[in-house]
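Values quoted throughout were computed directly from the atomic coordinates according to the rules given, and no laboratory measurement underlies them. Just so we're clear, the structure is a prediction, and the values are computed from it rather than from any experiment. Reconstructed Cβ throughout: ideal geometry from the backbone, glycine too, with neighbour counts over all protein chains shown.
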Amino acid sequence: MNSQTTPIPSSRPFANTLETYLGPWTKAEVRHLLRRTTFGAVGRDVDIFAGQTMNQTLDQVLIFDPEPSPPLNHYNSDELHDPKVAFGQTWIHDLHSENPDITSARVVSMKSWWVERMLRQSSTLHEKLTFFWHNHLATQSWEVFWPNLSYRHYQLLRSSAYGNFRQLVKLITIDPLMLLYLNGAANNRFAPDENYSRELQELFTIGKGPNAQFTESDVQEAARVLTGHTIDWETGSYYFNPDWHDDGDKHFSDFYHQTIIIGKTGEDGRNELDALLDMIFDNNEVALFVVRKLYRFFVYHEISPEVEATVIAPLATIFRDSNYEIMPVLRALFSSAHFYDSSLRGAMIKSPLDFMIGFWRTFGVKMPSQASEQNRDEIRRSMMWSMTNMGLQVLDPPNVAGWPAYHQIPQYDKHWITTNTITNRAVVTDSFIYWGFWSQNILTNVNLLDHIKTFNTQAEPGPLVDDLVELHLGLPVSEQVKNRMVAILLTGQSNASYWTNAWFDYLDDSSNEMKRSIVETRARVLFQYLLQLSEYHLT
């Protein structure tokens, strides 16, 4: 990568307040908001929101996307045929396939379908917030290998994304995918399994900070509370088995104020889960831990003592005071002066999702006009595998802790960039620009000239470069870098009219291959240069 910017320092001065942002509301602020809350800022959305107020923009960003149609069978082929589900029909109602190859195809279909959801998202936080919860309450689709349950799990995360966190944790606790993934389905009074009990406290609610003083005994007692919550293997549905439940009293440590959860028998045993969650959520650490996770995902990985005191703690208070509703926290964060602090813009490295999905959305990449539904699915699958080569496989984080970029000290988002992944990123963008993005039977191209047409400055090399830098790069670049980009458009000529004349010649006769080639060749070199700048990988 080329770079003309200085590295982000480890300690930076921030606007140390959660008070409402009252500064100018321009395209710069809108781009920052959309880069963090969606997968890639889209130029037309930036233009629309810059003409509104911040509150009007947030009203749009913080809404539900429409309910998506379910994933379909686009995997039937000469080599693989699903005898139960026809091509173009959904497989989500067929609970079991005796053929593991069909089950694998459905797992991939689920992943491809979520990629499509991200590509087709409107300008809302909904899909990215769903991904946040997927990372926070992590499961692995290949590990469980039951795609119907992966679909139901996704729908649970999506429908609960803006809602009540305590309720979400309750539903996740009895979610069949999670019950299988962390052995909850096998947890019974004869052999209590501590796996989910541990992660419930350590990764999902309390965390592992210095003030998270729950004990091994707390893990063991919580596991006893959770005995009997299992699944029906025929239907894949949750049910409570009273015969498996430990109906003895459960005693917790000083960290939980020596709470005793009174054992219950029969069907009443399931109600101990509510008592357990009441005990956990009564602890102040829950709000602090979850708010820190939100902050590191949407704002910046480093939380200084000052930020802890002036941003995290007030957000946690909002969270607790709203009975763990997530929307008030999001609204306060995304309307805060702190969020729009200039030193936080471009301070995070793009995830593979931000990189790949963001490229498609910001450049307005379209599926090839001749692509069949099967071709379109092949393209999405190719995108999915490309992102896997960059370090992120959709629906399959490396473990229950989620992707290291969101939690692992001290690297955090630097995990996304290695010698392999940065090369794979460049291969993808170069492919789009010069010969097309490869999938099984078709190539997908980006129309660079149509993208340039979206800018009012399209015929003016200097102003056009300024606009491209602002839309695509996470940080400003030096005049030297921008002059290099202008020189590419001018092919070394000093007169700006060289590009202007060539551009208008192309517009006047766009079917003329020679006139098109003159501007397209320069555009390709320009965008290859821009997309390999370090600043392109920042958001």
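Beta bridges from DSSP with both residues in the chain: antiparallel share about 95 percent, rounded to the nearest 5. Compared with the dominant principal axis of the Cα atoms in the chain, helix 461-472 is inclined by about 10°.
Near Thr454, no amide H atom lies under 5 Å from its own; only residues 5 or more places off or on other chains count, and H is placed 1.01 Å from N.
Hey, with R₀ at 22 Å, roughly what FRET efficiency would Glu67 and Ser237 work out to, going by the Cβ-Cβ distance, to 0.05? Show your work: numbers first, answer last.
On the way: r = 21 Å, r/R0 = 0.96.
According to the calculation, E is roughly 0.55.
Each of Met390, Met54 has some number of other Cβ atoms within 10 Å of its Cβ, and from fewest to most they run Met54, Met390. The stretch between Ser517 and Leu95, if pulled fully straight at 0.36 nm per residue, gains 146.6 nm over its current Cα-Cα span.
So what is the relative contact order for the range 457-539, in percent, with contacts set as C-alpha pairs under 8 Å and at least six apart? Spell out each step's value before the answer.
Numbers: 74 pairs, mean separation 31.1, N = 83.
Once normalised by length, the contact order is 37 percent.
Seen through its C-alpha gyration tensor, with square-root eigenvalues sorted a ≥ b ≥ c, the chain comes out oblate because a/c lies at 1.5 or above while a/b is not bigger than b/c.
Think of the chain as a dipole: +1 on every Lys or Arg Cβ, -1 on every Asp or Glu Cβ, centred on the Cα centre; then among Thr419, Ala105, Gln480, Gln480 lies furthest on the positive end.
For the range 490-535, the square roots a ≥ b ≥ c of the C-alpha gyration tensor eigenvalues yield an a/c of 1.5 or more together with a/b not exceeding b/c, which makes the shape oblate. In this simple spin-label model, placing a label point 7 Å from the Cα along the Cα-to-Cβ direction at both Ala487 and Asn456 gives a separation of 3.0 nm. The simple spin-label model puts a point 7 Å past each Cα toward its Cβ; for Ile260 and Leu507 those points are separated by 8.1 nm. Separation of the range 381-416 and the range 291-366, taken as the distance between their Cα centroids, equals 18 angstrom. For His81 and Glu470, the difference between the fully extended length at 0.36 nm per residue and the C-alpha to C-alpha distance is 135.2 nm. Compared with the dominant principal axis of the Cα atoms in the chain, helix 100-119 is inclined by about 60°.
This ranking places Asp59, Asp82 by how few other beta-carbon atoms lie within 10 Å of each, fewest first, which gives Asp59, Asp82. Residue separation of Asn441 and Glu479 scaled by 0.36 nm, minus their Cα-Cα distance, works out to 9.4 nm of gained length. Label-to-label distance for Ser122 and Glu19 is 3.4 nm, based on points extended 7 Å past Cα in the beta-carbon direction.
For the range 38-90, the Kirkwood estimate of the hydrodynamic radius, built from every pair of different alpha carbons, is 14.8 Å. Among Ile48, Ile379, Ile92, sorting on how many other beta-carbon atoms sit within 10 Å of each Cβ, with the fewest leading, yields Ile48, Ile92, Ile379. So what's the angle, to the nearest 10 degrees on a 0 to 90 scale, between helix 497-508 and the longest Cα principal axis of the chain? That works out to roughly 80 degrees.
Can you give me the relative contact order of the chain as a percent, contacts being Cα pairs under 8 Å and 6 or more apart? Kindly include the intermediate steps, with their values, before the conclusion.
Working: 791 pairs, mean separation 98.3, N = 539.
Relative CO of the chain lands at 18 percent.
Would you mind checking the pairs Lys128/Lys208; Lys27/Lys366; Lys293/Lys350; Lys27/Lys414; Lys27/Lys515; Lys111/Lys414 and listing those with alpha carbons more than 22 angstrom apart? Flagged as over cut-off: Lys128/Lys208; Lys27/Lys366; Lys27/Lys414; Lys27/Lys515; Lys111/Lys414.
Sequence-distant contacts, meaning Cα pairs under 8 Å at least 6 residues apart, place the relative contact order of the range 107-202 at 24 percent.
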